[in-house]
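The values are calculated or read from the model by the stated rules, or taken from the named source; none is laboratory data. It should be emphasised that the depicted structure is a prediction, and the values quoted were computed from it without experimental measurement. Because the Cβ atoms are built from the backbone with ideal geometry, glycine has one as well, and the counts that use them run over all protein chains shown. Quick note on the areas: whole protein, heavy atoms, side chains included, nothing else; ligands and nucleic acids left out. Shrake-Rupley method; radii C 1.70, N 1.55, O 1.52, S 1.80 Å.
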Amino acid sequence: MRSSELARLAGVTVRTLRHYHRTGILPEPERSHNGYREYRVEDLIRLIRTARFRELGLSLAEIQPLLDDREARAETLQRAEAELDAEIARLTERRDRVSRLREDGLLPELGPLAEALDPSGESLASLVDLDGTELEQLVIFGHLAPPEQVAWLVRAHTELLAVTQTASHDPRDVGTRFLAFPADAPPEAWDALLEDMLAEHGDFFRDLVAQTAAEDFPEQPDLSRVLTGHLSERLSPGHRDTLDRFLAAVTQEPDSGPDGSREGEP
């Protein structure tokens with residue numbers, strides 16, 4: 001039979017036949033006196049076998065020795081089975097992650113941070129409705145922070161939620177109120193906001209800073225730089241200044257007064 005008929009019967013193209021000739025899968029027959037290649041039924045059988053092995057996910061390099069060595073097939077198929085088992089395990093794990101994100105309403109970009117949360121706890125539910133700057137900060141943290149810092153943040157977040165059950169003020173409100181504050185507010189309004197933030201939430205964040213220091217995490221210059229740069233891009237000058245003063249107060253920097261004001265300021 002000629003190449004076009006062989007290709008049709010085998011369910012491949014003539015171009016594929018030529019590729020098989022080049023790779024050694026299919027020996028190239030000599031041309032007859034009229035210049036055409038004449039193929040035999042055994043060539044068709046070889047192509048059928050090749051197609052079956054391809055359906056099993058084997059490469060042409062793996063298939064070629066199997067076509068002429070039946071004893072080698074068991075070992076190759078055993079290896080292929082092990083690779084498929086490993087791939088199934090990877091896909092199952094990936095599917096479980098996708099299902100959890102979908103069921104819990106979390107965003108995939110939270111990555112390890114979302115996966116570290118207790119799926120049955122309030123800590124997880126409290127992140128579902130995050131948006132804007134707060135969400136973007138968590139995306140950055142989950143991507144750049146090492147696993148031990150991600151685990152610490154999850155613990156701190158869980159403790160924060162416990163505090164909200166007994167505290168007169170919810171510490172989470174500080175972020176919401178701060179980010180919603182009008183960028184064009186006068187200086188005295190920013191001062192009043194800072195005073196309220198420190199009065200309502202200063203102790204909680206001082207404790208949080210102390211806990212962070214106690215963990216003695218290695219410095220993460222990339223994480224710090226990107227988080228700071230992100231806030232610089234997202235916040236107005238008034239927001240940045242007030243945040244700087246709030247952080248100075250809760251970290252008790254030497255050049256900061258108890259209300260977060262700089263030395264020399266009224």
Considering only segment 203-218, state which residues are within 11 Å of T251 (Cβ to Cβ) and touching a residue at least 24 places away in the same chain (Cβ under 8 Å).
-> F205, R206, L208, V209, T212
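Here is a yes/no grid of residues against (1) modelled with pLDDT of 85 or more; (2) among the polar types (S, T, N, Q):
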position: E215; (1), (2): no, no
position: P221; (1), (2): yes, no
position: T228; (1), (2): yes, yes
position: H239; (1), (2): yes, no
position: L243; (1), (2): yes, no
position: L247; (1), (2): yes, no
position: Q252; (1), (2): no, yes
position: P258; (1), (2): no, no
position: R262; (1), (2): no, no
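Mind listing whichever residues of segment 18-70 are of a type in the set (K, R) and open to solvent by less than 70 Å² (accessible area, probe 1.4 Å)?
Step one: filter segment 18-70 for residues of a type in the set (K, R), giving 18, 22, 31, 37, 40, 46, 49, 52, 54, 70.
Of everything in segment 18-70, those that are of a type in the set (K, R) and open to solvent by less than 70 Å² (accessible area, probe 1.4 Å) turn out to be R37, R46.
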Restricted to segment 175-216 and to residues being outside any helix (DSSP H, G or I) and farther than 22 Å from R155 by Cβ, the residue most open to solvent (accessible area, probe 1.4 Å) is D184
